[in-house]
Amino acid sequence: MYAYLIGKVMETEEENLVLEVGGIGYNIKVSGSVLSKLPPIGQEVKIYTYTSVREDALQLFGFLTKDDLKMYRLLITVSGIGPKGGMALLGAMSADALRMAVIAQDVKAIAKAPGIGTKTAQRVILELKDKISVEDAFTDREVLPAAAGEVSGQARQEAVEALIALGYPASDAMRAVKAVEQDDMDVEALLKAALRKV
């Protein structure tokens with residue numbers, strides 16, 4: 001319905017934001033992490049939105065980045081994860097951390113979110129692991145030129161796979177490769193730099 005709304009922050013309370021746009025106040029459900037990053041009352045902010053339509057309710061869910069909204073849309077495709085469950089997960093961990101947890105199959109990290117048990121966390125991993133790639137876990141991919149981004153993503157994926165083959169847990173391998181700041185390295189240089197960070 002709405003891709004995003006730009007307006008003034010009028011009120012904030014637990015899991016809710018009132019955003020005034022063109023003289024209309026919109027009630028938007030947001031996570032605690034979004035609330036903590038909002039500008040002060042009266043300041044303008046851009047909120048990316050998802051509209052949830054049910055028989056008994058029409059609700060807007062809000063996010064500060066397009067990436068969070070994209071991850072939220074993926075989450076609510078998982079059976080057993082509704083709009084509130086998806087919000088709880090993204091309130092407990094960033095979209096990037098969630099991607100890494102899915103790729104590394106880290107059930108414990110996902111199960112830490114309120115209302116998400118071990119079985120639900122396993123289902124999140126099972127249903128999303130084929131929809132998320134290693135490259136998706138590196139948020140800086142968007143600032144790279146397309147060609148450089150493709151090379152960098154491939155090198156990073158190979159470096160992660162090499163670290164896993166050496167016996168490092170997938171989550172540690174991904175964190176180490178992500179911690180290497182240079183994007184113009186070949187696989188060998190990237191792997192050497194990542195080994196110093198594991």
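The values are calculated or read from the model by the stated rules, or taken from the named source; none is laboratory data. Model, not experiment: these values are computed from the prediction. All Cβ positions, even for glycine, are placed from backbone atoms using ideal geometry, and neighbour counts span all protein chains on display.
Structural remarks
- Pairing residues of the range 6-23 that are in contact (Cβ under 8 Å) with a residue 60 or more places away in the chain and surrounded by 14 or more Cβ atoms within 10 Å (Cβ to Cβ) with residues that are assigned to a loop (DSSP other than H, G, I, E, B) and β-branched (V, I, T), at Cβ distances under 8 Å and at least 6 apart in sequence or on separate chains, gives E15/V30.
- Flag if K197 is surrounded by fewer than 17 Cβ atoms within 10 Å (Cβ to Cβ), part of a helix (DSSP H, G or I) and at pLDDT 80 or above: no
- The range 159-176: number of residues that are surrounded by 19 or more Cβ atoms within 10 Å (Cβ to Cβ) and free of Cβ contacts under 8 Å to residues at least 24 places away in the same chain: 1
- Meets criteria (over 30 Å from I81 (Cα atoms) and either out of contact with any Cys (no Cβ under 9 Å at 6 or more places or on another chain) or at pLDDT below 75 (or both)) for A176: yes
- One residue stands out in the range 3-34 among those that are assigned to a loop (DSSP other than H, G, I, E, B) and either under 21 Å from G85 (Cα atoms) or under 20 Å from the mean Cα position of the chain (by Cα) (or both): the one that is modelled with the highest pLDDT, namely V30.
- Any hit, the range 86-93, residues being more than 22 Å from T120 (Cα to Cα) and modelled with pLDDT under 95: no
- Out of L75, L98, one residue alone is crowded, with 17+ Cβ neighbours inside 10 Å, closer than 21 Å to Y4 by Cα and either among the aliphatic types (A, V, I, L, M) or touching a helix residue (DSSP H, G or I) at 6+ places or on another chain (Cβ under 7 Å) (or both). It is L75.
- Criterion violated by D67 - all others in (1) closer than 20 Å to V124 by Cβ; (2) touching a strand residue (DSSP E or B) at 6+ places or on another chain (Cβ under 7 Å) satisfied: (2)
- Residue count for the range 89-109, restricted to those that are of a type outside the set (D, E), in a helix (DSSP H, G or I) and under 12 Å from the mean Cα position of the chain (by Cα): 11
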